[in-house]
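Worksheet for the structure shown next.
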Amino acid sequence: MDSTNIFLYLLVSSFLLLIFHLLRTTTRRKLHLPPGNLGLPFLGETLQLISAYKTENPEPFIDDRVSKYGTVFTTHVFGEPTVFSADPDINKFILQNEGRIFESSYPGSISNLLGRHSLLLMKGSLHKRMHSLTMSFANSMIIRDHLLVDIDRLVRLNMDAWTGRVLLMEEAKKITFQLTVKQLMSFDPCEWTENLMKEYMLVIEGFFTIPLPIFSTTYRRAIQARGKVAEALGLVVRERKKETEKGDRKNDMLAALLDEEGDSGGGFSDEQIVDFMLALLVAGYETTSTIMTLAVKFLTENPSALAQLKEEHDEIRARKGEEETLQWDDYKSMSFTQCVVNETLRIANIISGVFRRAMRDVSIKGYTIPKGWRVFASLRAVHMDHDHFKDARTFNPWRWQTNSGSSSCSSVNVFSPFGGGPRRCPGAELGRVELSVFLHHMVTRFSWVLAEQDKLVFFPTTRTQKRYPIIVQRRNPVEANS
Ligand code: HEM
Ligand SMILES: *[C@@H]1O[C@H](CO)[C@@H](O)[C@H](O)[C@H]1NC(C)=O
């Protein structure tokens, strides 16, 4: 190469570079991604996120980025660049536009465990139909007329066996599992349900082995256990079909699913029904049992809140006999309890946010989310934001008392522990009722102390490290009208 050639080469290549650079900045400007840091290649900021969420105070992960970039920023977590939203309006936009602009998006390892036909993975009109079917099985009227009596009975039954040291998280899980099995297919606790729960717990463990599922024994065991659980449920479905043919009609979720089969929309296969039931077991289990445990934890740490709650429930119990079942009116009269429930949901953030994928380029608040990108609508970030809740990081159930004058809730959009839009949790009311009934029996029948210091963590799920061990002592029965 002589010198002219080299000169020409340099000229051309710098020209190309310049064009390339210009093009890149213009597409960037046109797209205008939210600001942020993608971190390391492949890992991105996943490790920072995990280490923050493994502590009792994960807030700095979000706080740091919000103060640097604002409430919507770009990061790279769990293998993909992700737009992270800590903004209530953007979250609402994401949730409301489910199926039109965004769709739910779960990692493959989770989909395998859920099954192809689970509600969480369904899309489009089938999702709509199944979502409303779930709603029709768990709405207030159904809870009032059918589910409440079993909730009350099974909570009592389990608590009857409590003495001395109790691992609250384990007990809450047992209760929640039994409740769901009863609601889905009318089985009372027995050896069969216990075996089912053992296999089921192996499946659950598989959900939280994130990085390389193919190499993980926990994951393989979970897939195997899923096969067994599905087999057991499949048997139940077939048995039930026979019973139904004989004219024996039960009133539960399985019956509702089988009823759907006859109509013109086309029936469901056994596999579809099994996946659907398994998804309901998963969705209600971790969430409700964790919220029960954490409500007790927060109350234990706040004696005056606990005292006020006790007073409310002693009053309700005093109106009734010792063994009398709670009625819907009793539930409706638990006004302070509902403050405790909301405040626990707000502070605990069991589901810290939801993952979605943009179905097309989306412009919002001056930024563009490119088609195909992951977004994470963080519910937690909004619940913990001082702009939306005064002293946002303190447990304060009184903030929910409407007559307190200093309403700390700036708008309805900012509190969404159950998500929103077409995928809003269909078990929201059921979860609230189960927690309220649990708290009623807990405070009217027992006093307790913490057995060991325990720590709250938020990864891989929201939980306390030692399953919240407490020492319980039976209270004297609440005297009627004393
Ligand atoms: C108190 C505890 C609970 C909390 C905090 C909670 C929270 C949530 C949230 C945030 C979502 C939205 C997920 C998303 O948008 O991707 C959701 C969905 C769902 N929840 Fe719950 N949930 C609770 C209890 C329950 C219970 C008891 C059931 C049982 C019926 C249940 C069944 C479901 C189902 C089936 C979905 C999927 C809905 C869909 O994709 O259409 N949840 N839950
Ligand atoms: C609890 O939050 C819900 C919104 O999810 C709200 O409708 C309800 O009024 C709140 N309850 C209390 C006691 O403030």
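Taking 7 Å steps out from each Cα toward its Cβ at residue 141 and residue 153 produces label points 2.3 nm apart. FRET efficiency for the residue 319 to residue 64 pair, using the beta carbon distance and R₀ = 56 Å, is estimated at 0.65. Over every Cα atom in the range 3-474, the radius of gyration and the widest Cα-Cα span, Dmax, amount to 25.0, 103 Å. Quick check on the chain: helices-only [θ] at 222 nm, where DSSP H runs of length 4 and up contribute -39,500 (n - 2.57) each and the sum goes over total residues. Nearest 500, please. That calculation yields -17500 deg cm²/dmol at 222 nm.
Distant-in-sequence amide contacts of residue 361, defined by a placed amide H-H separation under 5 Å and a gap of 5 or more residues or a different chain, comprise 371.
Summary of packing: across the peptides 67-75, 378-386, 244-252, the per-residue average of other C-beta atoms within 10 Å ranks them, highest first, as 378-386, 67-75, 244-252. Placing +1 on the Cβ of every Lys and Arg and -1 on the Cβ of every Asp and Glu, with nothing else charged, gives the range 232-351 a dipole about its Cα centre of roughly 160 debye. Amide H to amide H, with H built 1.01 Å from N, residue 466 comes under 5 Å of 455, counting only residues 5 or more places away or on other chains.
With θ taken as phi - 60° and the Karplus curve 6.51 cos²θ - 1.76 cosθ + 1.60 applied, the whole-hertz 3J(HN,Hα) list for the range 278-285 is 4, 5, 5, 4, 5, 5, x, 7 Hz, x standing for glycine and proline.
Throughout, read-outs are computed from the coordinates displayed, never taken from laboratory work. Keep in mind the model is a prediction, meaning the values are calculated, not measured. Positions of Cβ are generated from backbone atoms using ideal geometry, with glycine treated the same way; all protein chains shown enter the neighbour counts.
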